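One structure below.
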Amino acid sequence: MSELRLSGISKVYPNGLRAVSDVDMDIADGELLVLVGPSGCGKSTLLRMIAGLEDITEGVIEIDGRVVNAESPRERDIAMVFQNYALYPHMTVRKNIGYSLRLGRVPKNEATQRIEDTAAMLELSDLLDRKPPALSGGQRQRVAMGRAIVRSPAAFLMDEPLSNLDARLRVQMRAEIIRLQRNLGTTTVYVTHDQVEAMTMGSRVAVLRDGLLQQVDSPQVLYDHPDNLFVAAFIGSPSMNLYQGHIESTSTAARVVFGAHSFPLPDQWTQRDGSGGDDGQEVIVGIRPEWLVEQTRDNTDLPSLRVRVELVESLGSELVAHTTIDAVSVESDTPELAEGHVADSGGGAACLARLSPRSRVAVGETIELAIDHPSVHLFDAETERSLRPGRDR
Amino acid sequence: MVFLAPATVIYSVFMVYPLLDSLRRSFFDDDGNFAGLDNYNTLFGNPTFADRFWDALGHNFQFFAFHMVLQNPIGLLLAVLLTVQSVRGLNIYRTIVFLPTTLSVVIVGFVWRLILSPIWGVTETLGIDTPLLGESRTVLPTLSLISVWQWVGIPMIFFYAVLIAIPKDLIEASRVDGAGSWQVFRDITFPLILPMLGIISILTYIGNFNAFDLIYQVKGVVAGPDFASDIMGTFFYRTFFGASGTTGSPAMGATVASVMFLIILVGVLIYMFGWQRRVTTYEL
């Protein structure tokens with residue numbers, strides 16, 4: 001039960017590499033905060049600094065108002081779950097879970113009780129006398145959790161604890177961790193590179209890129225109002241379609257133009273003073289695949305895009321159409337984005353659309369997609385910051 | 001089979017056959033007549049042989065004890081120090097410690113004879129007034145220390161190889177669990193290098209009971225003074241080839257060699273059944 005406060009945290013390695021830059025973050029008591037970002041963004045380094053495994057170059061880490069910069073991991077009273085579980089191979093499950101209690105000189109009776117309670121909570125009671133090599137991946141993961149839980153620490157730190165599990169088990173353990181964390185009410189910092197995990201688990205999600213904190217907010221806010229191009233591209237799956245465009249504004253109307261397409265600048269933008277409605281302003285247009293629907297009689301009032309269908313993936317609940325559009329796409333440097341986008345082919349940019357499973361689009365067809373244009377995101381082409389109506393920053 | 005054949009043949013011809021033939025010869029006299037256990041009776045019953053044999057065996061155990069108590073713990077300590085990341089120039093230290101191991105025993109023996117020489121050596125400067133290699137009391141410990149100095153690089157490299165294979169995660173997990181440096185070593189590192197400790201111990205045992213060259217180089221076949229540095233290897237050499245006026249006896253030599261073989265065999269069996277079966281090697 002504790003709150004964590006990070007102020008101006010930076011990590012610079014002796015070789016000059018700046019892994020984390022000036023991160024400020026408050027993590028409330030009992031909160032589950034997810035740190036997410038592509039590999040190498042500094043999220044693990046940040047977690048290890050909180051744990052005390054990495055020196056803090058600049059800034060202050062406080063636990064319940066106590067500055068812990070100089071404290072060893074032992075003194076910080078923080079438990080960590082490692083990606084590879086880091087179970088002691090020569091100790092039984094019982095000893096693995098109880099090791100911290102042994103070091104903490106917890107009386108034997110109490111320790112036994114706590115180990116057994118923890119094991120029961122994690123359904124490990126039958127495995128207490130086995131050693132880690134005799135356990136399955138999921139069981140090992142639970143032992144690693146048990147090792148953290150048994151201590152009732154000030155906070156849990158989890159470093160991609162699910163990434164070594166297969167997909168089905170991962171979903172199951174994800175729910176399990178959320179449940180345990182809620183029941184125990186222990187402040188938790190959870191690191192992952194998987195944005196789905198981040199969105200489903202975190203009460204708040206912190207997006208990190210190149211050691212810089214991009215945005216910290218609830219999953220829904222990150223999705224609806226990304227602060228910048230990176231967050232927009234990183235959050236959401238499949239990720240957002242991004243195109244180079246500009247604003248054409250006359251005295252009567254303003255339009256967003258990208259490639260051969262355009263749509264009216266939604267009202268909320270035009271009413272805004274300043275940069276939003278400037279004529280000729282270079283912008284990046286962000287359209288989530290779920291905002292594109294097939295044009296039907298019901299939505300003729302929406303602007304439409306003409307695309308050519310290249311590939312159709314039927315997922316049962318929905319249909320993902322890989323199409324090309326006459327526009328210039330923006331390459332963001334997120335790996336997730338690179339995966340989702342087909343390379344530009346034949347003078348077109350890739351455009352993903354999530355359509356109804358009943359849609360009858362066929363490969364090779366040219367179709368009209370209606371675009372729910374008020375939802376569209378616009379980013380300043382230069383700064384890559386969101387041109388967000390109504391929410392000044 | 002075909003691929004194993006060359007190795008098997010070479011191993012048989014040069015290792016197994018001589019070993020078996022040596023064992024066979026210990027049951028025959030020097031003229032080739034079958035002698036039953038006569039040679040063994042002579043070895044253990046005739047004071048000229050028996051006294052020397054028990055002396056040499058005792059010295060050999062002392063020699064082994066020095067290595068176990070000094071060489072292997074120091075090797076481990078050095079290996080642990082080498083894994084400390086924050087020290088600069090670790091590779092240089094590693095090379096320096098390993099360097100004597102690569103030298104010929106002849107050179108090592110010669111160098112140490114010079115260093116410890118009462119005439120121009122360092123002993124006087126260090127305030128030691130006994131000739132360390134010249135007195136019965138000090139000669140065996142001194143030779144043991146020279147051997148430890150030369151070979152300490154071997155356990156160091158072995159331990160080092162195991163230590164760097166231990167995942168960092170494990171060490172970090174134990175630190176987060178609240179372990180200090182000593183507890184990390186006692187509870188995590190040490191149990192994980194235990195199998196290697198066994199391997200190094202048995203290699204030390206085999207090496208020590210086969211040892212010969214350093215003592216032969218420094219003290220000659222008579223392993224003086226007054227046989228104070230005599231070990232099984234030098235005893236065998238004298239018995240087989242003869243020395244200082246006495247003629248050697250191949251039959252008796254074969255008998256001594258057979259006993260040495262048995263001593264080492266017992267050690268290896270203890271290791272295999274008493275240790276290896278109980279100590280588990282964990283995949284890390």
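Numbers at a glance
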read-out	value
Chain B: equivalent-ellipsoid semi-axes (sqrt of 5 x gyration tensor eigenvalues, Cα, Å)	39, 28, 16
Listing of region A:24-53 residues, each with accessible area lower by at least 10 Å² in the full protein assembly than in the chain alone (probe 1.4 Å)	A:ARG48, A:LEU53
Expected 222 nm ellipticity per residue - DSSP helices of 4 or more, -39500 (n - 2.57), all of chain A, to 500	-7000 deg cm²/dmol
Positions from region A:138-166 whose accessible area shrinks by 30 Å² or more when the full protein complex is built, not the chain alone, probe 1.4 Å	A:ARG151
Other protein chain Cβ atoms within 10 Å, averaged over every residue that makes up B:180-190	2
Gaussian network model of chain B, springs between alpha carbon atoms under 10 Å - residue of B:VAL122, B:VAL222, B:VAL148 with greatest fluctuation	B:VAL122
Along principal axes, Cα extents of chain A, largest first, whole Å	78, 45, 37
Chymotrypsin sites (Phe, Trp or Tyr not before Pro) restricted to region B:96-174 and DSSP loop, no more than 10 other C-beta within 10 Å	B:TRP120
Neighbour net charge for B:VAL176 - beta-carbon separation under 15 angstrom, K R +1, D E -1	-1
Two-decimal ratio, the protein assembly as shown, of alpha-carbon radius of gyration to 2.2 N^0.38 Å	1.43
Residues along region B:123-172 losing 40 Å² or more of accessible surface when the other protein chains are present rather than the chain by itself (probe 1.4 Å)	B:ASP169, B:LEU170, B:GLU172
Region B:25-91, Cα convex hull volume normalised per residue, Å³	141 Å³
Cβ-based charge dipole, the protein assembly as shown, positive-most Cα from B:ILE164, A:SER262, B:GLN276	B:GLN276
Rounded to 5, the percent of DSSP beta bridges in chain A classed as antiparallel	80 percent
Cα-centre dipole for chain B with unit charges at Cβ (Lys and Arg positive, Asp and Glu negative), debye to 20	620 debye
Only Lys, Arg (+1) and Asp, Glu (-1) charged, at Cβ; the protein assembly as shown dipole about Cα centre in debye	2460 debye
Residue among B:GLY198, A:THR383, A:LEU87 farthest towards the positive dipole end of the protein assembly as shown, charges placed on Cβ	B:GLY198
Cα-centred dipole magnitude for chain A, charges only on beta-carbon of K, R (+1) and D, E (-1), debye, nearest 20	2040 debye
Within the accessible area of chain B (1.4 Å probe), percent carbon and sulfur	69 percent
FRET efficiency, 1/(1 + (r/R0)^6) with R0 30 Å, evaluated for B:VAL106 and B:ASP30 via beta carbons	0.45
Integer Hz, Karplus 6.51/-1.76/1.60 couplings in order for region A:191-199, x for Gly and Pro	9, 8, 9, 9, 5, 5, 4, 4, 5
Loop-resident sites, region A:187-265, for trypsin sites (Lys or Arg not before Pro), counting at most 16 other Cβ within 10 Å (DSSP)	none
Partner chain coverage, peptide A:66-75 - average Cβ within 10 angstrom	2
Chains A and B together, accessible area buried on both sides, 1.4 angstrom probe, square angstrom	1900 Å²
Pair A:ARG255, B:PHE98: separation of 7 Å Cα→Cβ label points (nm)	7.3 nm
Top positive-direction residue, dipole computed over region B:55-232 with Cβ charges, set B:GLY153, B:PHE209, B:ILE128	B:GLY153
Top of A:ARG66, A:ARG94, A:ARG288 by mean-square fluctuation, Gaussian network on chain A, Cα under 10 Å	A:ARG66
DSSP loop trypsin sites (Lys or Arg not before Pro) with at most 10 other Cβ within 10 Å: longest gap in chain B	B:89-276
Helical contribution to [θ] at 222 nm, DSSP H n ≥ 4, -39,500 (n - 2.57), averaged over chain B, rounded to 500	-19500 deg cm²/dmol
Net charge over other residues, Cβ less than 10 angstrom from the Cβ of A:GLU31 (K, R count +1; D, E count -1)	-2
Per residue value of the accessible surface for the protein assembly as shown (all protein chains in place, 1.4 Å probe), Å²	48 Å²
3J(HN,Hα) from dihedral phi, region A:25-40, Karplus parametrisation 6.51/-1.76/1.60, rounded to Hz, x for glycine, proline	7, 10, 10, 6, 4, x, 7, 10, 9, 9, 9, 10, x, x, 4, x
Amide H within-cut-off set for B:GLY242, under 5 Å, with H built and near neighbours excluded	B:GLY248, B:SER249
Residue of A:GLY138, A:GLY316, A:GLY259 that the Gaussian network model of chain A assigns the largest fluctuation, springs spanning Cα pairs under 10 Å	A:GLY316
Charge tally in the Cβ shell below 15 Å around A:ILE177, where Lys, Arg are +1 and Asp, Glu are -1, A:ILE177 excluded	0
Debye equation applied to the C-alpha atoms of region A:1-151, log10 I(q)/I(0) at 0.18, 0.19 Å⁻¹	-1.10, -1.15
Calculated from backbone phi, Karplus (6.51, -1.76, 1.60) coupling profile of region A:105-115 in Hz, x at Gly/Pro	6, 6, x, 4, 4, 5, 4, 4, 4, 5, 4
Chain B, relative contact order [Cα under 8 Å, separation at least 6], %	26 percent
Cα-Cα over 26 Å, subset of A:LYS43/A:LYS108; A:LYS43/B:LYS168; A:LYS11/A:LYS131; A:LYS43/A:LYS95; A:LYS95/B:LYS168	A:LYS43/A:LYS108; A:LYS11/A:LYS131; A:LYS43/A:LYS95
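The values are calculated or read from the model by the stated rules, or taken from the named source; none is laboratory data. These numbers were taken from a predicted model, which means no experiment stands behind them. All Cβ positions, glycine included, derive from the backbone under ideal geometry; neighbour counts span all protein chains shown. Note: areas computed on protein heavy atoms with side chains; ligands, DNA, RNA excluded. Shrake-Rupley method; radii C 1.70, N 1.55, O 1.52, S 1.80 Å.
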